[in-house]
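Trainee: Got a structure for you, questions after.
Here, each number is a calculation from the coordinates, and none is a lab measurement. What you are looking at is a predicted structure, and each value in this text was computed from that prediction instead of being measured. With ideal geometry, Cβ positions are generated from the backbone for all residues, glycine too; neighbour counts draw on all protein chains shown.
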Amino acid sequence: GATIGILGGGQLGRMLSVAASRLGFKTHIFEPGAAPPAGQVAHRVTTALYEDDAALTAFAHGVDVITYEFENIPTSALDTLSALRPIRPGREALRVSQDRLTEKDFLSDLGLAVAPYADIPNAAALAAALGRIGTPAILKTRRFGYDGKGQARIMTPDEADAALADMAGAPAILEGFVDFTHEVSVIAARGLTGEVACFDPGQNVHEGGILRTTTVPADLTSAQRQDAVLLAGRILTALDYVGVMGVELFVTKAGLIVNEIAPRVHNSGHWTQNGCAIDQFEQHIRAVAGWPLGDGSRYADVVMENLIGADMDRVPALSQERDLALHLYGKAEVKPGRKMGHVNRIIRP
Ligand code: ATP
Ligand code: MG
Ligand code: MG
């Protein structure tokens, strides 16, 4: 059988490996960190840095196609890998989504609504942007932010200096604060031949910048649901995308605003594991392997809850609940804010 190479050995790589394995593929994980969660289920693991060209080359030679579970893969590594094997989703999706400024420009050029934003190379630019955008606003590092890290809220203009100091010199953007009623996301997939399929949008609740729960169905009108799915399709098609993408949206009285995109399987799509015959992980592997997309119709109402840090103490009690599907990532060390697992609760009418 074919071998799928996965860059990144976290929980997403682990669940991709399980899905690939179920479809008869072998998986080979490339991960700099020791004892990655995906290593427990993959067929092979390479522990090496992204700067290690020889390791990258050997990895690529051992696989048929390469995918990834995170978007911050260094360009030099992509150069080495893409010369040897197809990388799916392709590099355009990475180029766009590795930098919040590039991503916002891409989305607004597509005609999609985004929060008002400005590039913030220095303090003068921040003062000017605050004058135009106003407060409240959020300063975000352009690169490497996740789970709300690298962000500082500016509630009043006198907080600007402290917010900029929080960026520690990293390039940043300012975003106007969106007055949303709630947040939803679309987990969308595009196949090698250009077909697009979306899972039913989920409604997301964040706590301290980290996703806490995703609930399906989301509170959306049928027109909003259609808007959400159609705009996701436009994004994937514009990128000539192959694989699964997470599209995060703010729901406002004036319509849907795109918050950000993630060129990979997405935490807010974990409900699909127990709410659909074909989940986001299988859908991604299908797309990457050049198979037709599967049918991701939702057949249950589901609430996905992340198990973060000390939530692991609840596992013994959770394991007693019979309508709960537990998914644990096998991470050795519990740390505050670390995603340790999730549960999918099936809601019966
Ligand atoms: P993720 O882990 O989803 O990648 P992230 O660190 O990239 O998170 P964002 O998605 O940009 O961060 O922001 C995290 C959360 O902060 C959002 O889901 C939303 O609740 C809030 N937020 C971010 N930007 C804005 C905004 N412009 N207006 C209002 N709320 C916002
Ligand atoms: Mg993000
Ligand atoms: Mg986000």
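Trainee: For segment 262-349, which GluC sites (Glu not before Pro) are in a loop by DSSP, counting at most 11 other Cβ atoms within 10 Å?
Mentor: Sparse-neighbourhood loop GluC sites (Glu not before Pro): E321, E333.
Trainee: To continue, here is another question. For a quick check of your reading of the filter: which chymotrypsin sites (Phe, Trp or Tyr not before Pro) in segment 207-302 sit in a DSSP loop and have no more than 14 other Cβ atoms within 10 Å? List each step's numbers first, then the result.
Mentor: Working: sites: Y241, F250, W271, F281, Y299; in loops: Y241, W271, Y299.
Within segment 207-302, the qualifying chymotrypsin sites (Phe, Trp or Tyr not before Pro) (loop, at most 14 other Cβ atoms within 10 Å) are Y299.
Trainee: Greater than 31 Å separation of Cα atoms is the criterion. Which listed pairs, K26/K331; K26/K104; K140/K331, meet it?
Mentor: Numbers: K26/K331 22 Å; K26/K104 36 Å; K140/K331 29 Å.
Those over the limit are K26/K104.
Trainee: To the nearest Å, what is the center-to-center distance of segment 214-229 and segment 290-324, using C-alpha atoms only?
Mentor: Using only Cα atoms, the two centres lie 20 Å from each other.
Trainee: Separate question: Given Cα pairs under 8 Å that are at least 6 residues apart, what percent is the relative contact order of segment 3-87? Could you put the intermediate results ahead of the total?
Mentor: Details: 163 pairs, mean separation 28.3, N = 85.
Averaging sequence separation for qualifying contacts and normalising by length gives 33 percent for segment 3-87.
Trainee: Could you let me know the centre-to-centre spacing of segment 160-195 and segment 32-73, using Cα atoms, in angstrom?
Mentor: Their Cα centres are 27 Å away from one another.
Trainee: Mind listing the phi-derived Karplus ³J(HN,Hα) values for segment 51-64, rounded to whole Hz, using 6.51, -1.76 and 1.60 with θ = phi - 60°, and x for any glycine or proline?
Mentor: For segment 51-64, the Karplus-derived couplings read 8, 8, 4, 5, 5, 5, 5, 5, 4, 4, 5, x, 10, 9 Hz, x marking Gly and Pro.
Trainee: Looking at the chain, what % of its DSSP beta bridges pair antiparallel, to the nearest 5? Before the final figure, lay out each step's value.
Mentor: On the way: 58 of 72 bridges.
Counting DSSP beta bridges with both partners in the chain, the antiparallel share is about 80 percent.
Trainee: Follow-up. Does segment 195-275 come out rounded, prolate or oblate, given a ≥ b ≥ c as the square roots of the eigenvalues of its C-alpha gyration tensor, rounded meaning a/c under 1.5 and, failing that, prolate meaning a/b above b/c? Could you put the intermediate results ahead of the total?
Mentor: Values: a/c = 1.43, a/b = 1.15, b/c = 1.24.
Rounded, since a/c falls under 1.5.
Trainee: Between R132 and A2, what is 0.36 nm times their sequence separation minus the Cα-Cα distance? Round to one decimal in nm. Don't jump to the answer; show the numbers that get you there.
Mentor: On the way: separation 130, 0.36 × 130 = 46.80 nm, distance 5.33 nm.
Separation in residues times 0.36 nm, less the Cα-Cα distance, equals 41.5 nm.
Trainee: I would also like to ask the following. Report the gain in length on full extension from T237 to A34: 0.36 nm times residue separation, minus Cα-Cα distance, nm rounded to one decimal. Mind showing how you got there, number by number?
Mentor: Working: separation 203, 0.36 × 203 = 73.08 nm, distance 3.65 nm.
Contour length minus Cα-Cα distance gives 69.4 nm.
Trainee: Label segment 1-98 by shape, choosing from rounded, prolate and oblate, from the square roots a ≥ b ≥ c of the eigenvalues of the Cα gyration tensor; if a/c is under 1.5 it is rounded, and otherwise prolate applies when a/b is larger than b/c, oblate when it is not.
Mentor: Numbers: a/c = 1.38, a/b = 1.34, b/c = 1.03.
The shape class here is rounded.
Trainee: May I pose another question? For L307, which sequence-distant residues (separation of 5 or more, or a different chain) have an amide H within less than 5 Å of its own amide H, given hydrogens modelled in the peptide plane?
Mentor: M340, G341, H342, V343
Trainee: Putting +1 on Lys and Arg Cβ atoms and -1 on Asp and Glu Cβ atoms, find which of G90, N72, W291 reaches farthest to the positive end of the dipole of the chain.
Mentor: Checked the options; the winner is W291.
Trainee: Suppose every Lys and Arg Cβ carries +1 and every Asp and Glu Cβ carries -1, with no other charges. What dipole size does the chain come out with about its Cα centre, to the nearest 20 debye?
Mentor: Roughly 660 debye for the chain.
Trainee: Counting only other residues whose beta carbon sits under 9 Å from that of T67, what net charge do I get with K and R as +1, D and E as -1? Before the final figure, lay out the partial values.
Mentor: On the way: positive: R88, R264; negative: E69.
Charge balance in the 9 Å sphere: +1.
Trainee: Okay, moving on. Between rounded, prolate and oblate, where does segment 108-158 land on the alpha carbon gyration tensor, with a ≥ b ≥ c its root eigenvalues, rounded for a/c under 1.5, else prolate if a/b exceeds b/c? List each step's numbers first, then the result.
Mentor: On the way: a/c = 1.57, a/b = 1.12, b/c = 1.40.
Verdict is oblate for segment 108-158.
Trainee: Multiply the residue gap between S297 and I347 by 0.36 nm, knock off their C-alpha separation, and tell me the result in nm, one decimal place. The partial results should precede the final answer.
Mentor: Working: separation 50, 0.36 × 50 = 18.00 nm, distance 1.62 nm.
Computed gain between S297 and I347 is 16.4 nm.
Trainee: Could you work out the mean projected area of the convex hull around the alpha carbons of the chain, in square nanometres to one decimal? Write down the numbers at each step before the final one.
Mentor: On the way: hull surface 70.6 nm².
So the mean shadow area of the Cα hull is 17.6 nm².
Trainee: Filter the trypsin sites (Lys or Arg not before Pro) in segment 109-156 down to the DSSP loop ones having no more than 14 other Cβ atoms within 10 Å, then list what survives.
Mentor: Values: sites: R132, K140, R142, R143, K149, R153; in loops: R142, R143, K149.
Taking segment 109-156 and a limit of 14 other Cβ atoms within 10 Å, the loop trypsin sites (Lys or Arg not before Pro) found are K149.
Trainee: Measure out, as a whole number of angstrom, how far apart the alpha-carbon centroids of segment 258-273 and segment 75-146 sit.
Mentor: Computed from Cα coordinates, the inter-centre distance equals 18 Å.
Trainee: For the chain, what is the relative contact order in percent, using Cα pairs closer than 8 Å and at least 6 residues apart in sequence? Mind dumping the intermediate values first?
Mentor: Values: 771 pairs, mean separation 49.8, N = 349.
Computed over the chain, the figure is 14 percent.
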